[in-house]
């Protein structure tokens, strides 16, 4: 038997309860991981509120990223062995002492990163790499606007875009968050609570605009983002904290030859996630070895404190990631 965090009913953080359950069995081409730590992400909050149903066949237990030790191999698994230290992207089930993961979505813990800290890698790095570099085709010399620069996604996006030669503009909502964005490589940070980001982007770029925007806000940001894009610009929508609807000036889209796309990683195919993992391992994992990437971790909670972790994330004061420490057995 194992312990896992369950959503007793849709609602606030206090609806998360710790219960006992059977240890899952890995299917073909899956591995069973004894979880050391799990990342806490906004989709977990939305699921807890009853607004994000897991994909068909996925676990109802929240948690989309984990790190730990492989303890059992499903049929057909050859790439890893029992005892390997890994991190993995999962479609659910991460808030537990054991979790199964498709082998194609498993990566070794990068050199220079602790096993417990590696839990905050998969969700953000899979998301940022696939959106900025695979979908938006961000290249060196381009300008990129990152909304929510101090979030887990934002802190990752700023670093990767900068390391691969782009110039980053970010938005953030406090002096501490603004300073953190600058320290991670942003060339300009806009206080969205006090400044109009459209005006600031126009002034900074001398009305040329930016080439790529990564947005998790949605709603009334849609048309503002379109205004900020340069000719041939690309907007990638990954969430909609301000709502799913927004007005759009189609004339700007047409005459500036813009691309608007979106990404929802959780329901994506294993084949697509496997390609992301392959590219991350080749292009990003070596950067950890050389100390070129930071992992800003704001807070750590035990598995039994999942409700406190959710409350912390909802409060919005965090910079970087929040982690559930599930076990210290392997530390």
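The values are calculated or read from the model by the stated rules, or taken from the named source; none is laboratory data. Keep in mind the model is a prediction, meaning the values are calculated, not measured. So basically every Cβ, Gly included, is an ideal-geometry build from the backbone, and we count neighbours across all protein chains shown.
Is it the case, given these coordinates, that residue 202 is under 18 Å from residue 172 (Cβ atoms) and either in contact with a strand residue (DSSP E or B) (Cβ under 6 Å, 6 or more places away or on another chain) or surrounded by fewer than 17 Cβ atoms within 10 Å (Cβ to Cβ) (or both)? Criteria not met by residue 202. Quick check: is even one residue across the stretch 294-309 free of Cβ contacts under 8 Å to residues at least 24 places away in the same chain, over 17 Å from the mean Cα position of the chain (by Cα) and assigned by TED's automatic domain parsing to the domain that holds residue 161? No; the residues of the stretch 294-309 include none that is free of Cβ contacts under 8 Å to residues at least 24 places away in the same chain, over 17 Å from the mean Cα position of the chain (by Cα) and assigned by TED's automatic domain parsing to the domain that holds residue 161. Of the listed requirements (1) in a loop (DSSP other than H, G, I, E, B); (2) not assigned by TED's automatic domain parsing to the domain that holds residue 7, residue 129 misses just one: (1). Under the condition of being within 19 Å of the chain's Cα centre (by Cα) and at pLDDT 95 or above, which residue from the stretch 237-260 is farthest from residue 28 (Cα to Cα)? Looking at the filtered set, the residue picked out is 237. Summed over the stretch 250-269, residues that are surrounded by 13 or more Cβ atoms within 10 Å (Cβ to Cβ) and either in contact with a helix residue (DSSP H, G or I) (Cβ under 7 Å, 6 or more places away or on another chain) or not in a loop (DSSP other than H, G, I, E, B) (or both) total 9. Scanning the stretch 276-296 for residues that are loosely packed, with under 14 Cβ neighbours inside 10 Å and in a helix (DSSP H, G or I) turns up 278, 281, 282, 286, 289. Any residue at all in the stretch 11-27 that is touching a residue at least 12 places away in the same chain (Cβ under 8 Å), within 13 Å of residue 98 (Cα to Cα) and within 24 Å of the chain's Cα centre (by Cα)? No. Considering the conditions (1) in contact (Cβ under 8 Å) with a residue 40 or more places away in the chain; (2) closer than 21 Å to residue 166 by Cα, residue 237 is excluded by exactly one of them, (1). Looking across the stretch 5-33, just one residue is out of contact with any helix residue (DSSP H, G or I) (no Cβ under 8 Å at 6 or more places or on another chain), closer than 21 Å to residue 308 by Cβ and either surrounded by 16 or more Cβ atoms within 10 Å (Cβ to Cβ) or not assigned by TED's automatic domain parsing to the domain that holds residue 107 (or both), and that is 6. Summed over the stretch 274-314, the residues that are more than 20 Å from residue 154 (Cα to Cα) and in contact with a strand residue (DSSP E or B) (Cβ under 9 Å, 6 or more places away or on another chain) give a count of 10.
Is it the case, given these coordinates, that residue 157 is touching a strand residue (DSSP E or B) at 6+ places or on another chain (Cβ under 7 Å), buried (at least 24 other Cβ atoms within 10 Å of the Cβ) and not assigned by TED's automatic domain parsing to the domain that holds residue 44? It is true that residue 157 is touching a strand residue (DSSP E or B) at 6+ places or on another chain (Cβ under 7 Å), buried (at least 24 other Cβ atoms within 10 Å of the Cβ) and not assigned by TED's automatic domain parsing to the domain that holds residue 44.
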